[in-house]
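*Asks:* One structure is given below, represented as C-alpha coordinates, and several questions about it will come after.
The values are calculated or read from the model by the stated rules, or taken from the named source; none is laboratory data. What you are looking at is a predicted structure, and each value in this text was computed from that prediction instead of being measured. As a convention, Cβ positions derive from the backbone with ideal geometry for all residues, glycine included, and neighbour counts pool all protein chains shown. For accessibility, only protein heavy atoms count, side chains too; no ligands or nucleic acids. Shrake-Rupley method; radii C 1.70, N 1.55, O 1.52, S 1.80 Å.
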Amino acid sequence: MVRLSRPVISARLRIISWMLGVLALALGAVVFLTWQVLAARADSAADDELSHEANKFRSYVASPSAGAFRTPEELLERWLQLNLPDDSETFFSIVDGRPYRRGQGSPQARLDADAAFVQRIAGATEPEYGWVQSSAGKVRYGVLPMRIGTQPVRAQLVVLEFRDMIAQPSEDAARALAIIGALTLAMAAGACWLVTGRVLAPIRQLRTTAEQIGESDLRRRIDVVGNDDVAQLARTFNTMLDRLEVAFVAQREFADNAGHELRTPITVIRGHLELMSDDPADRAETKALVLDELVRMNRMVDDLLVLAKSDRPDFLAPAEVNLTELVVEVVAKARPLADRTWRVDETADAVIVADGQRLTQALMQLVSNAVRHTKTGDRIAVGSRVETDQVVLWVADSGSGIAAADAERIFERFVRGDEQVRTEGAGLGLSIVRSIARAHGGDVRVVAHDGPGARFELTLPEVRG
Ligand SMILES: Nc1ncnc2c1ncn2[C@@H]1O[C@H](COP(=O)(O)OP(=O)(O)OP(=O)(O)O)[C@@H](O)[C@H]1O
Ligand SMILES: [Mg+2]
(Lines give C-alpha, C1' and ligand atoms only; values in the text may rest on other atoms or scores of the structure.)
(Ligands and ions follow the chains in the order given, each with its own letter.)
Protein backbone atom coordinates (compact mmCIF):
# COMPACT_ATOMS: atom_id res chain seq x y z
CA MET A 1 0.00 0.00 0.00
CA VAL A 2 1.33 3.44 -0.91
CA ARG A 3 1.69 5.92 1.90
CA LEU A 4 0.51 9.36 0.89
CA SER A 5 1.36 12.71 2.34
CA ARG A 6 -1.30 15.21 3.39
CA PRO A 7 -2.23 17.23 0.25
CA VAL A 8 -2.64 14.02 -1.75
CA ILE A 9 -4.74 12.51 1.04
CA SER A 10 -7.08 15.48 0.96
CA ALA A 11 -7.47 15.08 -2.83
CA ARG A 12 -8.17 11.42 -2.19
CA LEU A 13 -10.79 12.17 0.47
CA ARG A 14 -12.44 14.68 -1.82
CA ILE A 15 -12.75 12.15 -4.65
CA ILE A 16 -14.05 9.47 -2.27
CA SER A 17 -16.58 11.72 -0.54
CA TRP A 18 -17.95 12.88 -3.91
CA MET A 19 -18.26 9.35 -5.17
CA LEU A 20 -19.82 8.05 -1.99
CA GLY A 21 -22.17 11.02 -1.80
CA VAL A 22 -23.53 10.29 -5.27
CA LEU A 23 -23.75 6.55 -4.56
CA ALA A 24 -25.47 7.09 -1.18
CA LEU A 25 -28.00 9.41 -2.80
CA ALA A 26 -28.79 6.87 -5.52
CA LEU A 27 -29.04 3.96 -3.09
CA GLY A 28 -31.13 6.03 -0.63
CA ALA A 29 -33.55 6.92 -3.43
CA VAL A 30 -33.86 3.24 -4.45
CA VAL A 31 -34.48 2.07 -0.85
CA PHE A 32 -36.97 4.87 -0.17
CA LEU A 33 -38.96 4.25 -3.38
CA THR A 34 -39.00 0.48 -2.81
CA TRP A 35 -40.20 1.01 0.73
CA GLN A 36 -42.96 3.38 -0.47
CA VAL A 37 -44.18 0.92 -3.11
CA LEU A 38 -44.14 -1.98 -0.66
CA ALA A 39 -46.04 0.08 1.97
CA ALA A 40 -48.74 0.96 -0.60
CA ARG A 41 -48.97 -2.72 -1.56
CA ALA A 42 -49.40 -3.76 2.11
CA ASP A 43 -52.29 -1.28 2.48
CA SER A 44 -54.06 -2.66 -0.57
CA ALA A 45 -53.35 -6.27 0.52
CA ALA A 46 -55.04 -5.52 3.89
CA ASP A 47 -57.97 -4.06 1.96
CA ASP A 48 -58.24 -7.15 -0.27
CA GLU A 49 -58.21 -9.50 2.72
CA LEU A 50 -60.97 -7.45 4.37
CA SER A 51 -63.15 -7.51 1.23
CA HIS A 52 -62.60 -11.23 0.92
CA GLU A 53 -63.76 -11.89 4.51
CA ALA A 54 -66.70 -9.49 4.11
CA ASN A 55 -67.82 -11.30 0.94
CA LYS A 56 -67.53 -14.67 2.65
CA PHE A 57 -69.68 -13.41 5.52
CA ARG A 58 -72.29 -11.95 3.21
CA SER A 59 -72.57 -15.21 1.25
CA TYR A 60 -72.93 -17.13 4.51
CA VAL A 61 -75.68 -14.84 5.76
CA ALA A 62 -77.47 -15.19 2.40
CA SER A 63 -77.09 -19.00 2.33
CA PRO A 64 -80.11 -21.25 3.14
CA SER A 65 -78.29 -22.74 6.18
CA ALA A 66 -78.35 -19.26 7.82
CA GLY A 67 -82.13 -19.48 8.06
CA ALA A 68 -81.80 -22.25 10.64
CA PHE A 69 -80.54 -19.84 13.34
CA ARG A 70 -83.02 -18.28 15.66
CA THR A 71 -81.01 -15.29 16.73
CA PRO A 72 -78.24 -13.22 15.08
CA GLU A 73 -75.95 -14.17 18.04
CA GLU A 74 -76.22 -17.81 17.10
CA LEU A 75 -75.46 -17.14 13.45
CA LEU A 76 -72.43 -15.02 14.35
CA GLU A 77 -71.22 -17.64 16.82
CA ARG A 78 -71.50 -20.37 14.19
CA TRP A 79 -69.67 -18.27 11.64
CA LEU A 80 -66.86 -17.56 14.09
CA GLN A 81 -66.58 -21.31 14.81
CA LEU A 82 -66.45 -22.19 11.13
CA ASN A 83 -63.96 -19.50 9.99
CA LEU A 84 -60.38 -19.85 11.04
CA PRO A 85 -58.64 -16.44 10.80
CA ASP A 86 -55.17 -16.08 9.25
CA ASP A 87 -52.23 -15.07 11.49
CA SER A 88 -52.67 -11.50 10.38
CA GLU A 89 -56.41 -11.19 11.02
CA THR A 90 -59.03 -11.65 13.69
CA PHE A 91 -62.84 -11.46 14.04
CA PHE A 92 -65.19 -10.72 16.84
CA SER A 93 -68.87 -10.08 17.22
CA ILE A 94 -70.72 -7.25 18.94
CA VAL A 95 -74.17 -7.77 20.35
CA ASP A 96 -76.15 -4.96 21.94
CA GLY A 97 -73.16 -2.67 21.84
CA ARG A 98 -70.79 -5.05 23.67
CA PRO A 99 -68.17 -7.49 22.48
CA TYR A 100 -69.84 -10.86 22.46
CA ARG A 101 -67.59 -13.62 21.05
CA ARG A 102 -64.08 -13.72 19.60
CA GLY A 103 -62.95 -15.74 16.61
CA GLN A 104 -60.42 -18.53 17.03
CA GLY A 105 -56.67 -18.00 17.53
CA SER A 106 -54.83 -15.35 19.56
CA PRO A 107 -54.76 -12.00 17.76
CA GLN A 108 -51.85 -9.54 17.66
CA ALA A 109 -53.86 -6.92 19.54
CA ARG A 110 -57.15 -7.15 21.41
CA LEU A 111 -59.28 -4.42 19.84
CA ASP A 112 -62.44 -6.06 21.22
CA ALA A 113 -61.06 -4.98 24.59
CA ASP A 114 -60.67 -1.39 23.41
CA ALA A 115 -63.87 0.11 24.83
CA ALA A 116 -63.60 3.38 22.93
CA PHE A 117 -63.17 1.58 19.60
CA VAL A 118 -66.03 -0.80 20.30
CA GLN A 119 -68.28 2.06 21.34
CA ARG A 120 -67.44 3.98 18.21
CA ILE A 121 -68.35 1.14 15.82
CA ALA A 122 -71.15 -0.56 17.78
CA GLY A 123 -73.82 1.78 16.48
CA ALA A 124 -73.17 0.97 12.79
CA THR A 125 -76.28 0.06 10.85
CA GLU A 126 -74.49 0.02 7.48
CA PRO A 127 -71.20 -1.74 6.60
CA GLU A 128 -68.34 0.51 7.69
CA TYR A 129 -64.62 0.34 6.85
CA GLY A 130 -61.66 2.26 8.18
CA TRP A 131 -58.19 2.37 9.73
CA VAL A 132 -57.46 2.24 13.45
CA GLN A 133 -54.23 2.32 15.42
CA SER A 134 -53.51 -0.57 17.77
CA SER A 135 -50.64 -1.87 19.89
CA ALA A 136 -49.76 -4.04 16.84
CA GLY A 137 -49.65 -1.07 14.46
CA LYS A 138 -52.13 -0.03 11.78
CA VAL A 139 -55.29 -2.13 11.52
CA ARG A 140 -57.79 -2.19 8.66
CA TYR A 141 -61.24 -2.88 10.09
CA GLY A 142 -64.68 -3.66 8.69
CA VAL A 143 -67.94 -3.59 10.67
CA LEU A 144 -70.68 -5.74 9.09
CA PRO A 145 -74.09 -5.20 10.77
CA MET A 146 -76.62 -8.08 10.80
CA ARG A 147 -80.11 -7.62 9.38
CA ILE A 148 -83.33 -9.49 9.81
CA GLY A 149 -85.24 -8.97 6.61
CA THR A 150 -84.37 -5.41 5.82
CA GLN A 151 -84.21 -4.32 9.47
CA PRO A 152 -80.77 -3.90 11.04
CA VAL A 153 -80.42 -5.45 14.49
CA ARG A 154 -77.89 -4.50 17.17
CA ALA A 155 -75.40 -7.22 16.26
CA GLN A 156 -72.26 -6.82 14.13
CA LEU A 157 -69.34 -8.86 12.89
CA VAL A 158 -66.00 -7.03 13.14
CA VAL A 159 -63.20 -8.14 10.81
CA LEU A 160 -59.69 -6.85 11.64
CA GLU A 161 -56.67 -7.08 9.31
CA PHE A 162 -53.25 -6.36 10.95
CA ARG A 163 -51.70 -4.38 8.16
CA ASP A 164 -48.22 -4.20 9.73
CA MET A 165 -48.07 -7.96 9.94
CA ILE A 166 -49.08 -8.26 6.27
CA ALA A 167 -46.39 -5.73 5.45
CA GLN A 168 -43.76 -7.58 7.51
CA PRO A 169 -42.12 -9.57 4.63
CA SER A 170 -41.99 -6.46 2.42
CA GLU A 171 -40.46 -4.42 5.22
CA ASP A 172 -37.91 -7.15 5.81
CA ALA A 173 -37.03 -7.02 2.11
CA ALA A 174 -36.67 -3.22 2.21
CA ARG A 175 -34.49 -3.50 5.34
CA ALA A 176 -32.32 -6.13 3.66
CA LEU A 177 -32.00 -3.84 0.66
CA ALA A 178 -30.90 -0.97 2.92
CA ILE A 179 -28.32 -3.19 4.64
CA ILE A 180 -26.98 -4.44 1.29
CA GLY A 181 -26.85 -0.81 0.14
CA ALA A 182 -24.84 0.22 3.20
CA LEU A 183 -22.45 -2.71 2.70
CA THR A 184 -22.05 -1.80 -0.98
CA LEU A 185 -21.23 1.77 0.07
CA ALA A 186 -18.62 0.54 2.54
CA MET A 187 -17.09 -1.73 -0.10
CA ALA A 188 -17.13 1.08 -2.68
CA ALA A 189 -15.37 3.33 -0.16
CA GLY A 190 -12.68 0.68 0.39
CA ALA A 191 -12.22 0.07 -3.34
CA CYS A 192 -12.15 3.80 -4.01
CA TRP A 193 -9.50 4.31 -1.32
CA LEU A 194 -7.29 1.65 -2.91
CA VAL A 195 -7.80 2.81 -6.50
CA THR A 196 -7.25 6.51 -5.76
CA GLY A 197 -4.14 5.52 -3.81
CA ARG A 198 -2.78 3.75 -6.90
CA VAL A 199 -3.78 6.57 -9.25
CA LEU A 200 -2.43 9.37 -7.07
CA ALA A 201 0.88 7.67 -6.17
CA PRO A 202 2.66 8.85 -9.35
CA ILE A 203 1.33 12.37 -8.78
CA ARG A 204 2.85 12.27 -5.33
CA GLN A 205 6.16 11.19 -6.84
CA LEU A 206 5.82 14.07 -9.29
CA ARG A 207 5.28 16.48 -6.43
CA THR A 208 8.19 15.24 -4.30
CA THR A 209 10.52 15.32 -7.29
CA ALA A 210 9.33 18.83 -8.16
CA GLU A 211 9.97 19.86 -4.55
CA GLN A 212 13.47 18.41 -4.62
CA ILE A 213 14.40 20.14 -7.87
CA GLY A 214 16.08 23.33 -6.81
CA GLU A 215 18.09 25.61 -9.02
CA SER A 216 21.13 23.61 -8.05
CA ASP A 217 19.74 20.26 -9.14
CA LEU A 218 17.91 20.68 -12.41
CA ARG A 219 19.25 17.35 -13.59
CA ARG A 220 16.73 15.22 -11.68
CA ARG A 221 13.91 13.69 -13.72
CA ILE A 222 10.72 11.82 -12.90
CA ASP A 223 10.57 8.06 -13.62
CA VAL A 224 8.00 7.53 -16.36
CA VAL A 225 6.08 4.27 -15.90
CA GLY A 226 3.43 3.08 -18.38
CA ASN A 227 1.65 5.11 -20.98
CA ASP A 228 -1.37 6.61 -19.24
CA ASP A 229 -2.31 10.22 -18.54
CA VAL A 230 -0.10 10.40 -15.47
CA ALA A 231 2.87 9.05 -17.44
CA GLN A 232 2.13 11.66 -20.09
CA LEU A 233 2.11 14.34 -17.39
CA ALA A 234 5.47 13.11 -16.10
CA ARG A 235 6.86 13.14 -19.65
CA THR A 236 5.65 16.72 -20.22
CA PHE A 237 7.13 17.71 -16.87
CA ASN A 238 10.49 16.15 -17.84
CA THR A 239 10.47 17.98 -21.20
CA MET A 240 9.82 21.22 -19.35
CA LEU A 241 12.76 20.43 -17.05
CA ASP A 242 14.97 19.80 -20.11
CA ARG A 243 14.13 23.26 -21.42
CA LEU A 244 14.61 24.84 -18.01
CA GLU A 245 17.97 23.16 -17.59
CA VAL A 246 19.20 24.36 -20.97
CA ALA A 247 17.98 27.91 -20.24
CA PHE A 248 19.48 27.84 -16.77
CA VAL A 249 22.88 26.60 -17.94
CA ALA A 250 22.91 29.22 -20.71
CA GLN A 251 22.00 31.92 -18.23
CA ARG A 252 24.75 30.85 -15.83
CA GLU A 253 27.34 30.80 -18.63
CA PHE A 254 26.18 34.22 -19.76
CA ALA A 255 26.49 35.63 -16.23
CA ASP A 256 29.95 34.01 -15.84
CA ASN A 257 31.14 35.44 -19.15
CA ALA A 258 29.69 38.87 -18.45
CA GLY A 259 31.38 38.96 -15.05
CA HIS A 260 34.64 37.81 -16.56
CA GLU A 261 34.53 40.38 -19.36
CA LEU A 262 33.65 43.24 -17.03
CA ARG A 263 36.47 42.31 -14.69
CA THR A 264 39.12 43.18 -17.34
CA PRO A 265 38.30 46.92 -17.71
CA ILE A 266 37.83 47.20 -13.95
CA THR A 267 41.31 45.71 -13.36
CA VAL A 268 42.76 48.04 -16.01
CA ILE A 269 41.13 51.11 -14.42
CA ARG A 270 42.22 50.09 -10.93
CA GLY A 271 45.81 49.43 -12.02
CA HIS A 272 46.12 52.80 -13.73
CA LEU A 273 44.60 54.69 -10.83
CA GLU A 274 46.84 52.95 -8.30
CA LEU A 275 49.99 53.69 -10.29
CA MET A 276 49.01 57.28 -11.13
CA SER A 277 51.60 59.83 -9.96
CA ASP A 278 51.14 63.55 -9.28
CA ASP A 279 52.68 64.45 -12.62
CA PRO A 280 50.02 66.42 -14.61
CA ALA A 281 50.98 64.75 -17.90
CA ASP A 282 50.66 61.28 -16.31
CA ARG A 283 47.32 62.28 -14.79
CA ALA A 284 45.95 63.47 -18.12
CA GLU A 285 47.09 60.22 -19.79
CA THR A 286 45.55 58.07 -17.02
CA LYS A 287 42.30 60.05 -17.19
CA ALA A 288 42.02 59.50 -20.94
CA LEU A 289 42.73 55.78 -20.51
CA VAL A 290 40.25 55.37 -17.65
CA LEU A 291 37.55 57.22 -19.58
CA ASP A 292 38.19 55.03 -22.59
CA GLU A 293 37.81 51.89 -20.48
CA LEU A 294 34.64 53.27 -18.90
CA VAL A 295 33.15 53.98 -22.34
CA ARG A 296 33.93 50.40 -23.33
CA MET A 297 32.35 49.09 -20.11
CA ASN A 298 29.33 51.26 -20.68
CA ARG A 299 28.91 49.90 -24.17
CA MET A 300 29.23 46.33 -22.92
CA VAL A 301 26.61 46.89 -20.21
CA ASP A 302 24.27 48.44 -22.80
CA ASP A 303 24.83 45.44 -25.09
CA LEU A 304 24.16 43.02 -22.23
CA LEU A 305 20.94 44.84 -21.42
CA VAL A 306 19.81 44.60 -25.07
CA LEU A 307 20.54 40.86 -25.05
CA ALA A 308 18.75 40.36 -21.71
CA LYS A 309 15.74 42.19 -23.07
CA SER A 310 15.67 40.33 -26.39
CA ASP A 311 13.53 37.45 -25.01
CA ARG A 312 10.85 39.79 -23.79
CA PRO A 313 7.68 40.35 -25.82
CA ASP A 314 8.12 44.15 -25.76
CA PHE A 315 11.60 43.91 -27.31
CA LEU A 316 10.22 44.95 -30.70
CA ALA A 317 7.98 47.90 -31.54
CA PRO A 318 6.84 46.96 -35.07
CA ALA A 319 5.77 49.64 -37.52
CA GLU A 320 5.98 50.25 -41.26
CA VAL A 321 9.57 50.38 -42.51
CA ASN A 322 10.60 51.54 -45.96
CA LEU A 323 13.57 49.36 -46.97
CA THR A 324 15.22 51.96 -49.24
CA GLU A 325 15.04 54.63 -46.53
CA LEU A 326 16.44 52.17 -43.99
CA VAL A 327 19.48 51.27 -46.14
CA VAL A 328 20.21 54.86 -47.20
CA GLU A 329 19.97 56.04 -43.57
CA VAL A 330 22.37 53.35 -42.33
CA VAL A 331 24.97 54.31 -44.96
CA ALA A 332 24.53 58.01 -44.10
CA LYS A 333 25.08 57.25 -40.41
CA ALA A 334 28.08 54.99 -41.11
CA ARG A 335 29.93 57.27 -43.53
CA PRO A 336 31.51 59.53 -40.81
CA LEU A 337 32.78 56.46 -38.89
CA ALA A 338 35.73 55.81 -41.20
CA ASP A 339 37.30 56.61 -44.49
CA ARG A 340 35.95 53.78 -46.66
CA THR A 341 34.33 53.48 -50.07
CA TRP A 342 30.70 53.45 -48.92
CA ARG A 343 28.11 51.98 -51.30
CA VAL A 344 24.39 51.46 -51.41
CA ASP A 345 24.02 48.22 -53.41
CA GLU A 346 20.58 47.52 -54.87
CA THR A 347 17.70 48.28 -52.49
CA ALA A 348 14.16 46.93 -52.63
CA ASP A 349 11.42 49.47 -53.05
CA ALA A 350 9.18 47.86 -50.43
CA VAL A 351 7.51 48.66 -47.13
CA ILE A 352 7.54 45.96 -44.47
CA VAL A 353 6.27 45.72 -40.90
CA ALA A 354 9.25 45.55 -38.55
CA ASP A 355 11.05 47.48 -35.82
CA GLY A 356 13.04 50.06 -37.84
CA GLN A 357 15.21 51.16 -34.90
CA ARG A 358 16.23 47.61 -34.02
CA LEU A 359 17.00 46.86 -37.70
CA THR A 360 19.17 50.01 -37.85
CA GLN A 361 20.89 48.86 -34.63
CA ALA A 362 21.62 45.44 -36.20
CA LEU A 363 22.91 46.91 -39.46
CA MET A 364 25.10 49.39 -37.53
CA GLN A 365 26.65 46.49 -35.59
CA LEU A 366 27.46 44.78 -38.92
CA VAL A 367 28.80 48.05 -40.33
CA SER A 368 31.00 48.69 -37.28
CA ASN A 369 32.44 45.16 -37.62
CA ALA A 370 33.07 45.82 -41.31
CA VAL A 371 34.89 49.04 -40.46
CA ARG A 372 37.02 47.18 -37.91
CA HIS A 373 38.04 44.55 -40.47
CA THR A 374 38.75 46.82 -43.43
CA LYS A 375 41.40 49.40 -44.22
CA THR A 376 41.19 52.92 -45.61
CA GLY A 377 39.67 52.95 -49.07
CA ASP A 378 38.18 49.43 -48.79
CA ARG A 379 34.64 48.97 -49.99
CA ILE A 380 31.66 48.59 -47.59
CA ALA A 381 28.23 48.07 -49.15
CA VAL A 382 24.74 47.90 -47.66
CA GLY A 383 21.69 46.67 -49.55
CA SER A 384 18.28 45.01 -49.48
CA ARG A 385 16.30 42.67 -51.70
CA VAL A 386 12.81 41.12 -51.64
CA GLU A 387 12.69 37.39 -52.41
CA THR A 388 9.65 35.09 -52.76
CA ASP A 389 8.69 35.01 -49.11
CA GLN A 390 11.47 36.87 -47.36
CA VAL A 391 13.37 40.12 -47.22
CA VAL A 392 17.19 40.11 -47.25
CA LEU A 393 19.34 42.92 -45.81
CA TRP A 394 23.12 42.73 -46.14
CA VAL A 395 26.39 44.37 -45.23
CA ALA A 396 29.36 43.34 -47.39
CA ASP A 397 32.97 44.46 -47.15
CA SER A 398 36.23 43.84 -48.95
CA GLY A 399 38.23 43.36 -45.75
CA SER A 400 40.01 40.44 -44.11
CA GLY A 401 37.05 38.02 -44.43
CA ILE A 402 35.97 35.21 -42.13
CA ALA A 403 37.36 31.67 -41.91
CA ALA A 404 34.72 29.02 -42.76
CA ALA A 405 35.35 27.42 -39.35
CA ASP A 406 34.35 30.66 -37.60
CA ALA A 407 31.25 31.33 -39.70
CA GLU A 408 28.84 29.96 -37.12
CA ARG A 409 30.61 30.38 -33.77
CA ILE A 410 31.17 34.14 -34.11
CA PHE A 411 27.43 34.61 -33.48
CA GLU A 412 27.75 33.21 -29.95
CA ARG A 413 28.00 35.61 -27.06
CA PHE A 414 31.51 36.78 -26.12
CA VAL A 415 33.05 34.96 -29.07
CA ARG A 416 35.61 36.92 -31.09
CA GLY A 417 37.68 35.95 -34.03
CA ASP A 418 41.17 34.57 -33.21
CA GLU A 419 43.00 37.44 -34.84
CA GLN A 420 41.26 40.01 -32.64
CA VAL A 421 43.16 41.82 -29.94
CA ARG A 422 41.33 41.36 -26.67
CA THR A 423 40.57 45.00 -25.95
CA GLU A 424 38.81 45.73 -29.24
CA GLY A 425 35.34 44.36 -28.58
CA ALA A 426 33.45 42.11 -26.21
CA GLY A 427 32.14 39.74 -28.88
CA LEU A 428 28.51 40.71 -28.29
CA GLY A 429 27.77 42.57 -31.55
CA LEU A 430 26.78 39.58 -33.68
CA SER A 431 24.73 38.01 -30.84
CA ILE A 432 22.74 41.23 -30.74
CA VAL A 433 22.25 41.08 -34.53
CA ARG A 434 21.07 37.47 -34.25
CA SER A 435 18.69 38.32 -31.35
CA ILE A 436 17.14 41.14 -33.38
CA ALA A 437 16.80 38.93 -36.49
CA ARG A 438 15.26 36.07 -34.49
CA ALA A 439 12.88 38.38 -32.64
CA HIS A 440 11.57 39.27 -36.12
CA GLY A 441 11.23 35.57 -36.97
CA GLY A 442 14.30 35.60 -39.23
CA ASP A 443 18.06 34.97 -38.86
CA VAL A 444 21.53 36.21 -39.78
CA ARG A 445 24.45 34.33 -41.32
CA VAL A 446 27.76 34.74 -43.08
CA VAL A 447 27.32 34.09 -46.78
CA ALA A 448 30.01 32.53 -48.94
CA HIS A 449 30.79 34.76 -51.92
CA ASP A 450 33.41 35.35 -54.59
CA GLY A 451 36.15 37.79 -53.80
CA PRO A 452 37.78 39.01 -50.61
CA GLY A 453 35.97 40.25 -47.47
CA ALA A 454 32.89 39.18 -45.56
CA ARG A 455 29.21 39.29 -46.41
CA PHE A 456 26.55 39.14 -43.68
CA GLU A 457 22.93 38.56 -44.67
CA LEU A 458 19.97 39.22 -42.43
CA THR A 459 16.81 37.44 -43.58
CA LEU A 460 13.35 38.41 -42.34
CA PRO A 461 10.03 36.79 -43.19
CA GLU A 462 8.21 39.27 -45.36
CA VAL A 463 5.39 41.10 -43.61
CA ARG A 464 4.14 43.64 -46.11
CA GLY A 465 3.12 47.02 -44.83
N1 LIG B 1 33.12 42.08 -41.27
C2 LIG B 1 33.90 41.19 -40.62
N3 LIG B 1 35.06 40.77 -41.17
C4 LIG B 1 35.81 39.89 -40.53
N5 LIG B 1 35.58 39.36 -39.35
C6 LIG B 1 34.42 39.74 -38.74
C7 LIG B 1 33.55 40.67 -39.34
N8 LIG B 1 32.50 40.85 -38.52
C9 LIG B 1 32.73 40.05 -37.43
N10 LIG B 1 33.87 39.41 -37.55
C11 LIG B 1 34.43 38.43 -36.58
O12 LIG B 1 33.39 38.00 -35.70
C13 LIG B 1 33.75 38.24 -34.36
C14 LIG B 1 32.55 38.55 -33.55
O15 LIG B 1 31.95 39.75 -33.89
P16 LIG B 1 31.10 40.54 -32.86
O17 LIG B 1 30.56 41.74 -33.52
O18 LIG B 1 30.17 39.60 -32.26
O19 LIG B 1 32.15 40.93 -31.77
P20 LIG B 1 33.20 42.07 -31.75
O21 LIG B 1 33.01 42.94 -32.92
O22 LIG B 1 34.53 41.43 -31.60
O23 LIG B 1 32.89 42.82 -30.42
P24 LIG B 1 31.71 43.85 -30.16
O25 LIG B 1 30.83 43.80 -31.37
O26 LIG B 1 31.06 43.36 -28.95
O27 LIG B 1 32.38 45.13 -29.99
C28 LIG B 1 34.73 39.37 -34.45
O29 LIG B 1 35.59 39.34 -33.33
C30 LIG B 1 35.47 39.09 -35.75
O31 LIG B 1 36.51 38.17 -35.54
MG1 LIG C 1 31.12 43.82 -33.37
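*Asks:* Please indicate, with yes or no, whether at least one residue in region 141-148 is touching a residue at least 12 places away in the same chain (Cβ under 8 Å), closer than 15 Å to PRO85 by Cα and surrounded by 17 or more Cβ atoms within 10 Å (Cβ to Cβ).
*Replies:* The answer is yes, given that some residue of region 141-148 is touching a residue at least 12 places away in the same chain (Cβ under 8 Å), closer than 15 Å to PRO85 by Cα and surrounded by 17 or more Cβ atoms within 10 Å (Cβ to Cβ).
*Asks:* Return a yes/no flag: does region 371-387 have any residue that is near ligand 1 (Cβ under 10 Å from one of its atoms), on the phi > 0 side of the Ramachandran plot and not in a helix (DSSP H, G or I).
*Replies:* No, because not a single residue in region 371-387 is near ligand 1 (Cβ under 10 Å from one of its atoms), on the phi > 0 side of the Ramachandran plot and not in a helix (DSSP H, G or I).
*Asks:* Which of (1) part of a loop (DSSP other than H, G, I, E, B); (2) acidic (Asp, Glu); (3) touching a Lys or Arg at 6+ places or on another chain (Cβ under 8 Å) does ASP223 not meet, given it meets every other one?
*Replies:* All conditions are met except number (3).
*Asks:* Looking only at region 296-309, count how many residues are β-branched (Val, Ile, Thr) and open to solvent by less than 40 Å² (accessible area, probe 1.4 Å).
*Replies:* Initial filter on region 296-309 (β-branched (Val, Ile, Thr)): 301, 306.
Checking the rest, the ones that are also open to solvent by less than 40 Å² (accessible area, probe 1.4 Å) come to 306.
Selection size over region 296-309: 1.
*Asks:* Hey, any hits in region 308-315 for a residue that's in a helix (DSSP H, G or I), within 23 Å of GLN361 (Cβ to Cβ) and touching a Phe, Trp or Tyr at 6+ places or on another chain (Cβ under 8 Å)?
*Replies:* yes
*Asks:* Another question, then. Which residue pairs have Cβ atoms under 8 Å apart, sit 6 or more places apart or on different chains, and have a first residue in region 27-45 that is among the acidic types (Asp, Glu) and a second that is modelled with pLDDT of 90 or more?
*Replies:* ASP43/ARG140; ASP43/ARG163
*Asks:* Does ARG207 meet the test of being open to solvent by 70 Å² or more (accessible area, probe 1.4 Å), out of contact with any strand residue (DSSP E or B) (no Cβ under 8 Å at 6 or more places or on another chain) and either farther than 30 Å from ALA113 by Cβ or among the aromatic types (Phe, Trp, Tyr) (or both)?
*Replies:* Yes; evaluated as a whole, the condition is true for this residue.
*Asks:* Still on this model: Could you pull out the residue among ARG385, ARG372, ARG409, ARG455 that is within 16 Å of ligand 2 (Cβ to nearest atom) and without any contact (Cβ under 8 Å) to a residue 40 or more places away in the chain?
*Replies:* None of the others qualify; the one that does is ARG409.
*Asks:* A further question on this structure: Considering only region 331-353, state which residues are within 22 Å of GLY451 (Cβ to Cβ) and either under 53 Å from the mean Cα position of the chain (by Cα) or within 16 Å of ligand 1 (Cβ to nearest atom) (or both).
*Replies:* VAL331, ALA334, ALA338, ARG340, THR341, TRP342, ARG343, ASP345
*Asks:* Would you confirm whether or not region 354-370 contains a residue that is within 55 Å of the chain's Cα centre (by Cα), more than 12 Å from ligand 1 (Cβ to nearest atom) and small (Gly, Ala, Ser)?
*Replies:* yes
*Asks:* Let me ask something additional. From ALA348, ALA370, ALA362, ALA338, grab the single residue that is closer than 17 Å to VAL463 by Cα and not acidic (Asp, Glu).
*Replies:* ALA348
*Asks:* If I go through region 108-136 residue by residue, how many of them are modelled with pLDDT under 90 and assigned to a strand (DSSP E or B)?
*Replies:* Going through region 108-136 one residue at a time, the tally reaches 0.
*Asks:* I've got another one for you. Please count how many residues of region 1-10 are surrounded by fewer than 16 Cβ atoms within 10 Å (Cβ to Cβ) and either modelled with pLDDT of 80 or more or part of a helix (DSSP H, G or I) (or both). Break it down stepwise before answering.
*Replies:* Kept after step one, since they are surrounded by fewer than 16 Cβ atoms within 10 Å (Cβ to Cβ), are these residues of region 1-10: 1-3, 5-7, 9-10.
Next, from what is left, pick out any that are either modelled with pLDDT of 80 or more or part of a helix (DSSP H, G or I) (or both): 6-7, 9-10.
The number of residues fulfilling the criteria is 4.
*Asks:* Would you point out which residue out of ARG312, ARG385 is within 52 Å of the chain's Cα centre (by Cα) and surrounded by fewer than 12 Cβ atoms within 10 Å (Cβ to Cβ)?
*Replies:* Criteria check complete, one pass: ARG312.
*Asks:* Additional query: Among the residues of region 53-101, which ones are open to solvent by 70 Å² or more (accessible area, probe 1.4 Å), touching a strand residue (DSSP E or B) at 6+ places or on another chain (Cβ under 9 Å) and not in a helix (DSSP H, G or I)?
*Replies:* Once the filter is applied, which keeps residues that are open to solvent by 70 Å² or more (accessible area, probe 1.4 Å), touching a strand residue (DSSP E or B) at 6+ places or on another chain (Cβ under 9 Å) and not in a helix (DSSP H, G or I), region 53-101 yields ASP86, ASP87, ASP96, TYR100, ARG101.
*Asks:* Quick check on region 444-465: of everything there that is assigned to a loop (DSSP other than H, G, I, E, B) and open to solvent by less than 40 Å² (accessible area, probe 1.4 Å), which residue is farthest from ligand 1 (Cβ to nearest atom)?
*Replies:* VAL447
*Asks:* If you don't mind, another one. Have a look at GLU346, GLU293, GLU320 and point out the one that is assigned to a loop (DSSP other than H, G, I, E, B), more than 16 Å from ligand 2 (Cβ to nearest atom) and either open to solvent by less than 40 Å² (accessible area, probe 1.4 Å) or charged (D, E, K, R) (or both).
*Replies:* After applying the criteria, what remains is GLU346.
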